[in-house]
Amino acid sequence: MSVHELRRKSGDSSEKITINLGVVDLGQVDLLVQEGFYSNRTDLIRTAIRNQLATHADVVRETVTRKSFVLGLEHYSRGDLEALQSAGEMLRIQVLGMASIADDVTPELARATIESVVVLGALHASKAVKAALVDRIH
């Protein structure tokens, strides 16, 4: 499965987060929504986050390059990992975005081929694979 196929399958590819706001901040958010500046609370929060990310875009870009992160969606299939195993190589997963390990990857194959996992964003893998890699996920 390619990255493009993963994007089509997952649709939104967003993750839900929870934040705590003080009542005054929340009241101001609701006021801006009520006055029509934003369609809802989520719209304001997404806009604020995107504005902060744009402000720090240079730092993000430099860090991604310096730390050799893959930016976006990265999918690892069973075939990918079997090829690494045949070559006697280990994989260091470093993704800013989403890393996905195919459902048909066994915990044994994952441990035999994945040296470390650093994902800033979301890691999608079976519970068994995540459990097998728990000491390698940073």
Among the residues of segment 118-130, which ones are open to solvent by less than 40 Å² (accessible area, probe 1.4 Å) and in contact with a helix residue (DSSP H, G or I) (Cβ under 9 Å, 6 or more places away or on another chain)? Leu123, Ala125, Ser126, Val129
When you check Leu96 against the structure, is it open to solvent by less than 70 Å² (accessible area, probe 1.4 Å) and either in contact (Cβ under 8 Å) with a residue 60 or more places away in the chain or not in a strand (DSSP E or B) (or both), yes or no? no
Give me the residue from segment 70-93 that is hydrophobic (A, V, I, L, M, F, W, C) and in contact with a helix residue (DSSP H, G or I) (Cβ under 8 Å, 6 or more places away or on another chain) and, out of that set, least open to solvent (accessible area, probe 1.4 Å). Leu81
Residues of segment 99-138 satisfying the condition of being out of contact with any Asp or Glu (no Cβ under 8 Å at 6 or more places or on another chain) and part of a helix (DSSP H, G or I): Pro107, Glu108, Ala110, Arg111, Ala112, Lys127, Ala128, Val129, Lys130, Ala131
Confirm whether Leu44 is surrounded by 10 or more Cβ atoms within 10 Å (Cβ to Cβ), at pLDDT 95 or above and of a type in the set (A, V, I, L, M). yes
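If you take the residues of segment 22-53 that are among the aliphatic types (A, V, I, L, M) and within 18 Å of the chain's Cα centre (by Cα), which of them is nearest to Leu91 (Cα to Cα)?
For segment 22-53, the residue satisfying everything is Leu53.
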The one condition Val70 fails out of (1) more than 22 Å from Ala125 (Cβ to Cβ); (2) modelled with pLDDT under 95 is (1)
Only one residue in Asp25, Asp30 is open to solvent by 60 Å² or more (accessible area, probe 1.4 Å) and either part of a loop (DSSP other than H, G, I, E, B) or charged (D, E, K, R) (or both). Which one? Asp25
Residues of segment 27-66 being without any contact (Cβ under 8 Å) to a residue 12 or more places away in the chain, of a type outside the set (Gly, Ala, Ser) and over 28 Å from Leu96 (Cβ atoms), in sequence order, are Gln28, Asp30, Leu31, Val33, Gln34, Glu35, Phe37
Counting only residues that are farther than 19 Å from Leu26 by Cβ, of a type in the set (Ser, Thr, Tyr) and part of a helix (DSSP H, G or I), how many does segment 37-75 have? 3
Looking at (1) touching a helix residue (DSSP H, G or I) at 6+ places or on another chain (Cβ under 7 Å); (2) at positive phi, can you tell me which one Ser100 breaks? (2)
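The values are calculated or read from the model by the stated rules, or taken from the named source; none is laboratory data. Keep in mind the model is a prediction, meaning the values are calculated, not measured. Virtual Cβ from ideal backbone geometry, glycine too; neighbours counted across all protein chains shown. Just the protein is used for accessible areas: all its heavy atoms, side chains included, with ligands, DNA and RNA removed. Shrake-Rupley method; radii C 1.70, N 1.55, O 1.52, S 1.80 Å.
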